[in-house]
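Some notes on the structure that comes next.
Each value in this text was obtained by applying a stated rule to the coordinates, not by laboratory testing. Please read all numbers here as calculations on a predicted model, not as lab measurements. Neighbour counts are summed over all protein chains in view; Cβ atoms, including those assigned to glycine, are modelled from backbone coordinates with ideal geometry.
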Amino acid sequence: MVQRTITEGGVVVALLAWWLFSKDVPAFIMPTPQAALTKMLEFFHDPALMRHAGISFLRVGLAVGLATVIALAVGLLNRAFPVLEEAVERRLLTFLNSFPSVGWAILAVIWFQISSGTVIFIQVMIVLPFCLINVLEGLRQLDPELVEMGRSLTRSRRRLFLRLVLPLTMPFLIAGLRVAYGIAWKVALVSELFGAPSGLGYLLMQAQVRADGTLVFACCLIIVLIFSLVDQLVLRPLARRFSVQRAV
């Protein structure tokens, strides 16, 4: 109860400070909370705004899904062939972790021109190391004796993977997924700002050209709303479910 009161009180204080500050500055610099909220609500009945938000959401979902699948494939390959451990963990992971995000954005535009595929490529390359770190750690935590017992019960590698390896690795996969999902939203705006013809990043570019601070705040708030809904309704329940299974 105390924690909830502190949390809700913090939100009220932040909104009050926002309102007080916005009263003395032009709307294009700092719109009022009422104006930003009204603009955000337009996303629920304006087909054009809804389309841009939906496109960004689909790009983020596809990018995170692809990054997770690629990370899982690389992790399993690394586990199957220990000789690759040096290349994957000491070289590939270091390279992906340190390569600048803006570098991927610029190179993607040069290589693939401006398209939705370019935006998704940028997002995948940036969130991939976060997924890969969690996959590698999850596979490293597998109990060798438990895996050996599974092999004694079935010769099917597919069955062993689906019934044993994947469930035991899922808590780490979900953890990486949650991190990657949050980062992907930040990356989505940057990648779309590089010239995508649609999406919330495109709206932000238009808002910058028109000096429309209200639209900027509305886009940011709609992202917070989408992220919170997916995290609360999908990712957190998945994390609780597989953490319980692992504990059992």
Long-range amide H contacts for Ile114: which residues qualify at under 5 Å (H placed 1.01 Å from N, peptide plane, sequence gap of 5 or more or a different chain)? none
Which whole-number percent is the relative contact order of the chain (Cα, under 8 Å, 6+ apart)? 26 percent
In whole angstrom, the spacing between the Cα centers of region 66-110 and region 160-181 equals 17 Å
Return the single residue from Phe43, Phe112, Phe130 with maximal mean-square fluctuation; model: Gaussian network over the chain, springs between Cα atoms under 10 Å. Phe112
All Cα pairs of region 16-70, percent lying beyond 18 Å: 56 percent
For a quick protection proxy, order the peptides 196-206, 118-128 by their average other-Cβ count within 10 Å, most packed first. 118-128, 196-206
Highest-MSF residue in the chain out of Pro100, Pro171, Pro129 [GNM, Cα springs under 10 Å]: Pro100
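Between Leu84 and Ala211, 0.36 nm times their residue separation minus their Cα-Cα distance comes to what? Present the calculation step by step, with values, prior to reporting the outcome.
Working: separation 127, 0.36 × 127 = 45.72 nm, distance 5.12 nm.
Gain on stretching Leu84 to Ala211: 40.6 nm.
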Counting residues in region 41-132 as N, plug N into 2.2 N^0.38 Å and put the Cα Rg over that result. 1.34
For region 228-234, in residue order, the Karplus 3J(HN,Hα) values (coefficients 6.51, -1.76, 1.60; θ = phi - 60°; whole Hz; Gly and Pro = x) are 5, 5, 5, 5, 6, 8, 10
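Order 222-235, 68-81 from most to least packed using the mean count of other Cβ atoms within 10 Å. Working shown, then result.
Numbers: 222-235: 14.6, 68-81: 17.2.
Highest mean packing first, the order is 68-81, 222-235.
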Based on the alpha-carbon gyration tensor of the chain, what equivalent-ellipsoid semi-axes (square roots of 5 times the eigenvalues) come out, in whole Å, largest first? 40, 24, 15
